[in-house]
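In what follows, a structure is listed as structure tokens, so that the remarks can point back to it.
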Amino acid sequence: MSNLFRDRSPYSWSFRLGGGRRVLELPLIAWLTVIWILLWGTLSWANLVNGVIVAVCLCLAFPLPAVDLGLRLRPLGILRLTVYLLYDMFSSSVEVTRQIFAKGPYPAAVVAVPLRVRSDLMLTATAVAVSNVPGGSVIEVRRSTATLFLHVLDADDPGEIESARRSVWRMEELVARAFGTAEDIALAAQPVPEGDPSP
């Protein structure tokens, strides 16, 4: 691979074709192959092979601009994130159920949580992971400051608000260790921001 493409995703191949350079993105080829199989409605070796061939031909005929999304697949990190998500979903479901049957009211608030990793991919992945947990509604994502705004119950308890923030920062670190670059992981390992960020 030439120096021009050294910083590209590790999941891509580049080569010269005619007078230009072509890039094959493996995630895109895999996604196009899945779509091909779904269109045919049958999972078979013939459909799989034909899907890969069609996907490669489409990528060569209609090349996309060179973009590195910053996605890295780290199996151990993905396993840790999955286990934490399942545990968090269970414990949050129990807590939300307890709040439903207990006598309220539960004062709510919107809490700003500034993230340490500012890449679009990590910001989006963290917001999606937090939103999948019951009681962790992300109501706004501010890209310019890499800040998530959460809807939090029991807002009259400062400990609950701080716990919600720490939960988001923990999720951010796990997401970075599952899908982030080395730079993302280093940023996520930094100390959490101090003070009370204002919207």
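Solvent-accessible area of Glu140, all protein chains in place: 80 Å² (probe radius 1.4 Å, heavy atoms, ligands and nucleic acids excluded). The listed residues Met89, Met171 rank as Met89, Met171 when sorted by accessible area, largest first, using a 1.4 Å probe. Taking all protein chains together and a 1.4 Å probe, the residues Trp36, Trp31, Trp169, Trp45 rank Trp45, Trp31, Trp36, Trp169 from largest to smallest accessible area.
Working note: Karplus 6.51/-1.76/1.60 with θ = phi - 60° gives region 111-126 the couplings 10, 8, 10, x, 8, 8, 8, 9, 5, 4, 4, 5, 4, 5, 4, 5 Hz, where Gly and Pro are set to x. Within region 35-58, what residues put their amide N at less than 17 Å from the label point 7 Å along the Cα-to-Cβ vector of Arg22? Within reach of a label on Arg22, which here means backbone N under 17 Å from a point 7 Å along Cα→Cβ, region 35-58 contributes 50-58. Note on exposure: Asp120, Asp156 ranked by accessible area (1.4 Å probe, complete protein assembly) read Asp156, Asp120, with the most exposed listed first.
Summarising the amide proton neighbourhood of Glu140: residues at separation of 5 or more, or on other chains, whose placed amide H is nearer than 5 Å comprise Phe149. Checking the a/c ratio against 1.5 first, then a/b against b/c, what shape does the Cα gyration tensor give for region 81-151? The shape class here is oblate.
The values are calculated or read from the model by the stated rules, or taken from the named source; none is laboratory data. These figures come from a predicted structure and were not determined experimentally. Positions of Cβ are backbone-derived with ideal geometry, glycine not excepted, and every protein chain shown enters the neighbour counts. Note: areas computed on protein heavy atoms with side chains; ligands, DNA, RNA excluded. Shrake-Rupley method; radii C 1.70, N 1.55, O 1.52, S 1.80 Å.
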